[in-house]
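The structure under discussion appears below in the form of structure tokens.
The values are calculated or read from the model by the stated rules, or taken from the named source; none is laboratory data. From a predicted model like this one, the values you see are computed outputs, not experimental measurements. Cβ atoms come from the backbone with ideal geometry, glycine included; neighbour counts cover every protein chain shown.
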């Protein structure tokens, strides 16, 4: 076993440093201690990932990283973000004294920090960029996806790369390989062959090799920081307490009878059949309140019906123009809209809506990542109120909520394991970037040498 571990260790490609060292005192003054150390470490690496939970300051960290890359090189750094996040990031940059240019195409790129939406990537010549940041980099998780392949290929020669997300591997550890490949550390296939074994079935399920597990987490910690709270890495966590979350289930057609297991097609039919009653239940909650509400749905018909039933509601659909989507989402964040109706696939990533503490899921999909990300738009560090999340479903939809809860438990277990297994290695990595100095306290009287030159001076 020892020989095997030594073999794996020798074959592992620990992330080499391709960046530069900067004095921590030169970094943005708004950074907290843990954020400053992470940014300094990521700059020294040159190619790194920050897997930090929602509300831990990923926006400030990636802006600081990008700005220091510009100051060091004089080049252009591009941040890729979900829709409507660009304007929010620019506003954050102003608050933190970091200028950010929103770009529609390559013609808008300037030396400094630039930002655009993933949907507009095709308009840019990425060969001229010195650095790139993937905001909400879980977009890489689909290893067969066109977007994943395009991102990896376009930025394969970009000197500085940073990936940031709260959900790097929402379904399985093997999804981490997509981040490693984007950063140029190791291909996904290399990672799988070195650290994982296939279960031999038709499910394409991979699991970590027992003998390679420790080496795998050390390897990951050489290029990624994982944290859910500053205390995870030994820092003070004042101000980083999540408020209470209250999840309420509303079943619109509850009979108390056992519900048979339904196929996906049958669940979709049941969902459409209960559309009116589910939307009415959600509308009653919002109309009886004077507070802001965020209402999540999955079907266009749900969105249309909810807008009709809810007073002062605005809906955002995939077919809307980008300018309208952005305007509605920013308007909700500013408190100008009482109720926003939209889908997790549209607005579930990147937006900060601590101004709202009431949300409704008018039905649930089977995607835990979408549910978690949507929930964390409001339930995040910085939220001043307890958060209420209402799940309105039909009994006939079956065990969708139970399935989400199972996936949630699995995801929490995986996240906690990632943090626990990488904690020591990450602390070691971060400590490498800290300035170490030995205090000089002379205690022996100085004696001049008895050289002729010295005697002449005396």
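Among the residues of the stretch 184-197, which ones are in contact (Cβ under 8 Å) with a residue 24 or more places away in the chain, surrounded by fewer than 24 Cβ atoms within 10 Å (Cβ to Cβ) and touching a strand residue (DSSP E or B) at 6+ places or on another chain (Cβ under 8 Å)?
Within the stretch 184-197, just 184 meets the criteria.
What is the residue count in the stretch 146-176 for residues that are within 22 Å of residue 228 (Cβ to Cβ) and either out of contact with any strand residue (DSSP E or B) (no Cβ under 7 Å at 6 or more places or on another chain) or modelled with pLDDT under 90 (or both)? Write out each step before concluding.
Taking the stretch 146-176 as the starting set, the residues that turn out to be within 22 Å of residue 228 (Cβ to Cβ) are 162-176.
Then keep just the ones that are either out of contact with any strand residue (DSSP E or B) (no Cβ under 7 Å at 6 or more places or on another chain) or modelled with pLDDT under 90 (or both); that gives 166-176.
Total satisfying the criteria: 11.
One line per residue, one yes/no per condition, for (1) in contact with a helix residue (DSSP H, G or I) (Cβ under 7 Å, 6 or more places away or on another chain); (2) surrounded by 14 or more Cβ atoms within 10 Å (Cβ to Cβ):
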| residue | (1), (2) |
| --- | --- |
| 72 | no, yes |
| 81 | yes, yes |
| 87 | yes, yes |
| 92 | yes, yes |
| 97 | no, no |
| 100 | yes, yes |
| 105 | yes, no |
| 122 | no, no |
| 129 | no, yes |
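From the list 89, 116, which one is within 17 Å of residue 325 (Cα to Cα), modelled with pLDDT under 95 and touching a strand residue (DSSP E or B) at 6+ places or on another chain (Cβ under 9 Å)?
Residue meeting the stated conditions: 89.
Residues of the stretch 350-375 being in a loop (DSSP other than H, G, I, E, B), at pLDDT 90 or above and buried (at least 19 other Cβ atoms within 10 Å of the Cβ), which ones?
353, 356, 357, listed by residue number.
Can you spot a residue in the stretch 8-20 that is in the same structural domain as residue 66 (by TED's automatic domain parsing), modelled with pLDDT of 85 or more and over 24 Å from residue 232 (Cβ atoms)? Outline the logic, then answer.
We begin by selecting, within the stretch 8-20, every residue in the same structural domain as residue 66 (by TED's automatic domain parsing); these are 8-20.
From what is left, the residues that are modelled with pLDDT of 85 or more are 19-20.
After this cut, where a residue has to be over 24 Å from residue 232 (Cβ atoms) as well, the list is 20.
Yes; the residues of the stretch 8-20 include at least one that is in the same structural domain as residue 66 (by TED's automatic domain parsing), modelled with pLDDT of 85 or more and over 24 Å from residue 232 (Cβ atoms).
Of these, 330, 306, which one is out of contact with any strand residue (DSSP E or B) (no Cβ under 9 Å at 6 or more places or on another chain), in contact (Cβ under 8 Å) with a residue 40 or more places away in the chain, in the same structural domain as residue 373 (by TED's automatic domain parsing) and assigned to a helix (DSSP H, G or I)?
330
Limited to the stretch 43-65, what total is found for residues that are in contact with a helix residue (DSSP H, G or I) (Cβ under 7 Å, 6 or more places away or on another chain) and farther than 18 Å from residue 112 by Cβ?
Selection size over the stretch 43-65: 6.
I'd like to check something: does the stretch 440-456 contain any residue that is out of contact with any strand residue (DSSP E or B) (no Cβ under 9 Å at 6 or more places or on another chain), at pLDDT 80 or above and not assigned by TED's automatic domain parsing to the domain that holds residue 355?
Checked against the condition, which is being out of contact with any strand residue (DSSP E or B) (no Cβ under 9 Å at 6 or more places or on another chain), at pLDDT 80 or above and not assigned by TED's automatic domain parsing to the domain that holds residue 355, the stretch 440-456 yields no hits at all.
Does residue 347 qualify as being in contact with a helix residue (DSSP H, G or I) (Cβ under 9 Å, 6 or more places away or on another chain), buried (at least 21 other Cβ atoms within 10 Å of the Cβ) and either assigned by TED's automatic domain parsing to the domain that holds residue 54 or at pLDDT 90 or above (or both)?
Against the criterion (in contact with a helix residue (DSSP H, G or I) (Cβ under 9 Å, 6 or more places away or on another chain), buried (at least 21 other Cβ atoms within 10 Å of the Cβ) and either assigned by TED's automatic domain parsing to the domain that holds residue 54 or at pLDDT 90 or above (or both)), residue 347 does not qualify.
Could you tell me whether any residue of the stretch 198-215 is in contact with a strand residue (DSSP E or B) (Cβ under 7 Å, 6 or more places away or on another chain), crowded, with 19+ Cβ neighbours inside 10 Å, within 30 Å of residue 404 (Cα to Cα) and touching a residue at least 12 places away in the same chain (Cβ under 8 Å)? First the steps, then the outcome.
Taking the stretch 198-215 as the starting set, the residues that turn out to be in contact with a strand residue (DSSP E or B) (Cβ under 7 Å, 6 or more places away or on another chain) are 198-199, 206-209.
Now narrow it down to the ones that are crowded, with 19+ Cβ neighbours inside 10 Å: none.
So far as the stretch 198-215 goes, no, none of its residues is in contact with a strand residue (DSSP E or B) (Cβ under 7 Å, 6 or more places away or on another chain), crowded, with 19+ Cβ neighbours inside 10 Å, within 30 Å of residue 404 (Cα to Cα) and touching a residue at least 12 places away in the same chain (Cβ under 8 Å).
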